[in-house]
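Engineer: Can you keep this structure in mind? I'll have questions shortly.
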Amino acid sequence: MTSSVLDLAPVMPVVVLEDAADAVPLARALVAGGLPAIEVTLRTAAALDAIRAIAAEVPDAVVGAGTVLSARNVSDTVAAGARFLVSPGWTDALLDAMKASGVPFLPGVSTTSEVVALLERGVTDMKFFPAEAAGGTAYLKALSAPLPRARFCPTGGVSLASAPSYLALPNVGCVGGSWMVPGDAVAARDWSRVERLAAEAAALRG
């Protein structure tokens, strides 16, 4: 892995899987399209099995766990094979657990004070969530001068259309989104469509 999960690709797919059987073909389609870092969210009962399957069967994928909310989530997902962790927000207890996990992590922030608190703890890579609702590109641009060490993966309302404006910012390493894994394509198991959408996203540059 590169020094930061933010540098693996311009876009990190945010995946919600209802059926773990879809995990491997979905991950293969995303990797084939050029998006190796895949965030599988812990929003469904299938999530841990999905992470386990991708980690075991798609060696070119860098599978991570999203919606990590507790120390138990950290230990369960790392045991399943997660290679990075993403949380929508953070507490001291959650941050301690993520730090102790030994894998890269992106704690979620939406305010300047949260960013400063993480920098104080030695954390420079963060998730900005919910990006659009929390102020979007204007907010991140305003943070870049006073807080240049902080780097972000904005997630939440980011689209193919808005992603380039985020990626053009000096403090954005990548963006997170789900537009390349639309629910109807996953339900239809239309992996070629997912691969095409992933390739389109992978071609984005700031």
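The values are calculated or read from the model by the stated rules, or taken from the named source; none is laboratory data. All values derive from a computational prediction rather than experimental measurement. Counting neighbours? That spans all protein chains shown, and the Cβs are built from the backbone with ideal geometry, glycine included.
Engineer: Under 6 Å by Cβ, and 6 or more places apart or on different chains, what pairs join a residue from the stretch 5-16 that is within 16 Å of Ser159 (Cβ to Cβ) and part of a helix (DSSP H, G or I) with one that is modelled with pLDDT under 95 and of a type outside the set (A, V, I, L, M, F, W, C)?
Structural biologist: Matching pairs, first to second residue: none at all.
Engineer: Which one is nearest to Leu106 (Cα to Cα) among residues in the stretch 17-27 that are part of a helix (DSSP H, G or I) and of a type in the set (A, V, I, L, M)?
Structural biologist: Looking at residues that are part of a helix (DSSP H, G or I) and of a type in the set (A, V, I, L, M), I get Ala27.
Engineer: Within the set of pairs 6 or more residues apart or between chains, which connect a residue that is within 14 Å of Ala138 (Cα to Cα) inside the stretch 159-180 to a residue that is among the small types (Gly, Ala, Ser) and part of a loop (DSSP other than H, G, I, E, B) with Cβ atoms less than 8 Å apart?
Structural biologist: Pro164/Gly206; Tyr166/Ala131; Tyr166/Gly206; Leu167/Gly206; Ala168/Gly206; Leu169/Gly206; Asn171/Ala150; Val172/Gly206
Engineer: Identify the single condition in (1) among the basic types (Lys, Arg); (2) in a helix (DSSP H, G or I); (3) buried (at least 17 other Cβ atoms within 10 Å of the Cβ) that Lys127 does not satisfy, given that it satisfies every other one.
Structural biologist: Of the numbered conditions (1) among the basic types (Lys, Arg); (2) in a helix (DSSP H, G or I); (3) buried (at least 17 other Cβ atoms within 10 Å of the Cβ), the odd one out for Lys127 is (2).
Engineer: Which numbered condition trips up Lys141, out of (1) out of contact with any helix residue (DSSP H, G or I) (no Cβ under 9 Å at 6 or more places or on another chain); (2) surrounded by fewer than 16 Cβ atoms within 10 Å (Cβ to Cβ); (3) part of a helix (DSSP H, G or I)?
Structural biologist: Failing condition for Lys141: (2).
Engineer: Every residue in the stretch 28-54 that is of a type outside the set (Val, Ile, Thr), over 14 Å from the mean Cα position of the chain (by Cα) and in a helix (DSSP H, G or I), please.
Structural biologist: Those that are of a type outside the set (Val, Ile, Thr), over 14 Å from the mean Cα position of the chain (by Cα) and in a helix (DSSP H, G or I): Arg28, Ala29, Ala32, Ala47, Leu48, Asp49, Ala50, Arg52, Ala53.
Engineer: Could you list, in sequence order, all residues of the stretch 96-111 that are part of a strand (DSSP E or B) and out of contact with any Pro (no Cβ under 7 Å at 6 or more places or on another chain)?
Structural biologist: Initially, the stretch 96-111 is screened for residues part of a strand (DSSP E or B), giving 105-106, 108-109.
Within the stretch 96-111, Phe105, Leu106, Val109 qualify.
Engineer: Still on this structure, please answer the following. If I ask for residues that are assigned to a loop (DSSP other than H, G, I, E, B), surrounded by fewer than 17 Cβ atoms within 10 Å (Cβ to Cβ) and touching a residue at least 12 places away in the same chain (Cβ under 8 Å), which ones from the stretch 112-123 would you list?
Structural biologist: Applying the first criterion (assigned to a loop (DSSP other than H, G, I, E, B)) to the stretch 112-123 yields 121-123.
Right, trim to surrounded by fewer than 17 Cβ atoms within 10 Å (Cβ to Cβ) and you get 121-122.
Of everything in the stretch 112-123, just one residue is assigned to a loop (DSSP other than H, G, I, E, B), surrounded by fewer than 17 Cβ atoms within 10 Å (Cβ to Cβ) and touching a residue at least 12 places away in the same chain (Cβ under 8 Å), namely Arg121.
Engineer: Quick test for you: out of Val78, Val62, Val5, Val58, pick the one residue that is closer than 15 Å to Gly176 by Cα, buried (at least 19 other Cβ atoms within 10 Å of the Cβ) and modelled with pLDDT of 95 or more. Outline the logic, then answer.
Structural biologist: Working: Val78 fails: closer than 15 Å to Gly176 by Cα; Val5 fails: modelled with pLDDT of 95 or more; Val58 fails: closer than 15 Å to Gly176 by Cα.
After applying the criteria, what remains is Val62.
Engineer: Taking the criterion of being within 23 Å of Val78 (Cβ to Cβ) and touching a Phe, Trp or Tyr at 6+ places or on another chain (Cβ under 8 Å), would at least one residue in the stretch 134-145 satisfy it? Even if it seems obvious, please write down each step before you answer.
Structural biologist: Keep residues of the stretch 134-145 that are within 23 Å of Val78 (Cβ to Cβ), which gives none.
The answer is no, given that none of the residues of the stretch 134-145 is within 23 Å of Val78 (Cβ to Cβ) and touching a Phe, Trp or Tyr at 6+ places or on another chain (Cβ under 8 Å).
Residue-wise test of (1) within 16 Å of the chain's Cα centre (by Cα); (2) of a type outside the set (A, V, I, L, M, F, W, C); (3) at pLDDT 95 or above.
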| residue | (1), (2), (3) |
| --- | --- |
| Leu106 | yes, no, yes |
| Ser113 | no, yes, yes |
| Leu143 | no, no, yes |
| Ala161 | no, no, yes |
| Asp184 | no, yes, yes |
| Ala199 | no, no, yes |
